[in-house]
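Beneath this line is the structure, given in structure tokens, with notes to follow.
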Amino acid sequence: MTQHVAQLADEVVRQVVEAPSRLIAMERAVAALKAAIPHYSWVGIYLLDGDELVLGPFLGKPSPHTRIPLNRGICGAAATQKATIIVDDVNSDPRYLACSLETKSEIVVPIMRGADVLGEIDIDSDQRAAFDAADRQLLEAVASAIATRL
């Protein structure tokens, strides 16, 4: 992890840990990530409710996908596989659930407690191949911090 990414991860984790409630913790994480990284055009958190992911705090254009079954989309795939998924070109991935015509790439990071999925961080970018190993490390650190608040 580069020094800049590590510092950002530390700052976002601190904001999550110090938040007075779980909702504020999630809102702070979303706001900090969206503000810090220009190519993050949509940042949101989905929480698992039964066999559906339910949209929680987000910043960006409104999404028509407020509830996603576990067997649908990249979000459903990440939760089912319990693994981070990076898609460099959403138009070439048949799992992609279109939200915005401008979206070109996506990263989805499960929020886990042990082997249990609690939710996930979902980020879209209007740039193709916008996400790399540094994004993955940053978001996995943030997801781990959020898990402690859920």
Across (1) open to solvent by less than 40 Å² (accessible area, probe 1.4 Å); (2) free of Cβ contacts under 8 Å to residues at least 40 places away in the same chain; (3) over 18 Å from residue 9 (Cα atoms), residue 110 clears everything bar (3)
Is there a residue being outside any helix (DSSP H, G or I) and in contact with a helix residue (DSSP H, G or I) (Cβ under 7 Å, 6 or more places away or on another chain) anywhere in the stretch 127-146? no
Being without any contact (Cβ under 8 Å) to a residue 40 or more places away in the chain, part of a loop (DSSP other than H, G, I, E, B) and buried (at least 17 other Cβ atoms within 10 Å of the Cβ) is the filter here, so list the residues in the stretch 68-94 that pass it. 70
Could you run through the stretch 113-142 and say how many residues are buried (at least 21 other Cβ atoms within 10 Å of the Cβ), aliphatic (A, V, I, L, M) and closer than 21 Å to residue 21 by Cβ? 2
Out of everything in the stretch 1-36 that is open to solvent by 20 Å² or more (accessible area, probe 1.4 Å) and assigned to a loop (DSSP other than H, G, I, E, B), what residue ends up being modelled with the lowest pLDDT? 1
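The values are calculated or read from the model by the stated rules, or taken from the named source; none is laboratory data. None of these values were measured; they are calculated from a predicted model. Ideal geometry is used to build each Cβ from the backbone, glycine not excepted, and the neighbour counts take in all protein chains shown. Heads up: the accessible areas ignore ligands, DNA and RNA and are worked out on the full protein's heavy atoms, side chains in. Shrake-Rupley method; radii C 1.70, N 1.55, O 1.52, S 1.80 Å.
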